[in-house]
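Quick note: the coordinates plus some simple rules give every number you see, no bench work behind them. Keep in mind it's a predicted model, so treat the numbers as computed, not measured. Here Cβ is always computed from backbone atoms with ideal geometry, including for glycine, and neighbour counts include all displayed protein chains.
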Amino acid sequence: MSIRIKFLGGVRTVTGSSHLVTSDSARVLLDSGLFQGHREEFYRLNTSFSYNPRQVDALVISHAHVDHCGNLPSLIKKGMRCKIYSTHATKDLCRLMLEDSGKIQEEDIRYLNKINKRLGLPLRKPLYTKNEASRAGRRRFQTLSYGHRCPAAKNVFVTLLDAGHILGSALVVLDVKDQDKQLRIGYAVDLGRKNLPMLNDPVIPKGLDYLIIESTYGGREHAPIEEAKIKLRDAINRTVERRGKIVIPAFTLERTQEVIYVLNQLSKEKAIPIIPVFVDSPLATEITEVFKYHQAYMNDKTQNEIVTGNGPFELLNLRFIRDQVESKKLNADKRPMIIIAGSGMCESGRVLHHLKNTIEDSRNTVLVVGYMAKDTLGRRIVERDRFVPIFGIEHELNAEVVIINAFSGHADKHDLFEFISGCLPLKRIFLVHGDEEQTWILFNRLFNLGFNVYMPHRDEEVELV
Ligand SMILES: [Zn+2]
């Protein structure tokens, strides 16, 4: 027998991260990510497994983004019964993210089944419901502190280190022993970057034999995070001068809290006027509560600010909106204001109502703080299409569009290279979690320097020597 890794997902693409490490005595799954994409592909990829979930001895979840944890309820439905290892913050955030994912699927299937019923086609079921997600998010978790080495399966120890990507995110170190060897495998997917608001910098693991690492920005460089603050300040001041509204489509987990953090700083520095800030999302409200509870995962600077009453969520003019009626009231409110709402790529959620009501007026601003994938409304806004469709109706895009890329929570090409250099010597590096173009750039750079680097295919199994 031998120690092997099977690359199940998040390979030559960015969604569906999952990898299976097998030894002669154990099977350990790293992440159980959801593949995201069009409906048919979504159901096909998230329900077909090239291994038996019943035979998994331990699952380690790196962080609470759904492309890393979102298929956990499906695995449990398929009979997986093992312990799930994560940090405490990840466990709490996972439950919220999984429930939200279940709710979105139920809504999608309800809509689809209405059409199918009319057409006489068979009715469909969601991958999992909100209730199934809720059960999956509560059971079987065993939480670990950073740096604690824990026996996870027979002859396998797991250690989580701070990945600096989102609150509670972890780099996973597996120590795996079989009859004739012992190997240390590092899993840095997703890897954060230095100086992100609230977070610690990523920790570099020592003594690795093998490294599995993301390559989302294998060929790109991020602007420094300070630039985000300056651009945010200037956009707010310009819009307030025009008596307009600022709409920020943002992902509910981490990006929303980061934007609040920077707004709080700008407010304290009196660099922006005092205007109302609304976080219009029940999920973002709950996630922010988890952030408040898990302050211990934040960096020392933020923890000190919290102790002295200057915490990131103490912004005086900040209001969280859960209720839909309250959300709709914002349309009639003509004061300059900041509205943060999801979804991040403007494909669904309350942000659509706010865009519909603001996008045609040139006094307003749409502030883009995250990645907008191809074929999304967010991408059309970023590309400044003259007309954009919202709820099936074309709207003229007259609002100012400001794009801030510096908030990214992923390592860029310099960060990746520095991290890999810090992990040396390595027997081999596996590049995953990136569109092929970006992964190839990083591959070529490492290959030309003489590294043993490899880009696996989906469902390929590689023996570790
Ligand atoms: Zn992530």
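Table for the structure above
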item	result
Average Cα contact separation per residue, the chain, under 8 Å, 6 or more apart, as relative contact order %	19 percent
Sites R238 and K154 - FRET efficiency at Förster radius 41 Å, r taken between beta-carbons, to 0.05	0.10
Calculated FRET efficiency for the pair V325/R81, C-beta based, R₀ 35 Å, to 0.05	0.20
Paramagnetic label zone (point 7 Å from Cα along Cα-to-C-beta, K334; backbone N under 20 Å) in segment 353-395	354-365
Rounded to the nearest 20 debye, dipole of segment 225-403 from Cβ charges on Lys, Arg, Asp, Glu	460 debye
Protection proxy ranking of 93-99, 281-287, 326-332 - average other beta-carbon atoms within 10 Å, highest first	93-99, 281-287, 326-332
Entries in K270/K413; K229/K268; K245/K374; K78/K292; K194/K427; K6/K177 that, when Cα-Cα distance is taken, lie over 23 Å	K270/K413; K245/K374; K78/K292; K194/K427
Sequence-distant lysines (8 or more away, or on other chains) whose Cα lies within less than 16 Å of K83	K91, K154
Sorted peptide list for 66-72, 121-127, criterion being average Cβ within 10 angstrom, highest first	66-72, 121-127
Within the chain, helix-based [θ] at 222 nm, where runs of 4 or more DSSP H residues each add -39,500 (n - 2.57), nearest 500	-10500 deg cm²/dmol
Spatial separation of Cα centroids for segment 38-68 and segment 251-327, in angstrom	32 Å
Ranked packing of 207-217, 454-464, 400-410, most packed first, by mean Cβ within 10 Å	207-217, 400-410, 454-464
Dipole of segment 245-354, positive direction: furthest Cα of P276, L318, P336, with charges on the beta-carbon	P336
Charge dipole of the chain about the Cα centre (unit charges at C-beta), most positive-ward option of S327, T288, V307	S327
Student exercise, the chain dipole from Lys, Arg, Asp, Glu Cβ charges, in Debye to nearest 20	1220 debye
Alpha-carbon centroids, segment 88-156 and segment 349-379: separation in whole Å	28 Å
Label-point gap, in nm, between R140 and A373 - each point 7 angstrom along Cα→Cβ	2.5 nm
Percent RCO, i.e. relative contact order, over segment 225-403, from Cα pairs under 8 Å lying at least 6 residues apart	30 percent
Estimated FRET transfer efficiency (N52, N405; beta-carbon r; R0 25 Å; 0.05)	0.05
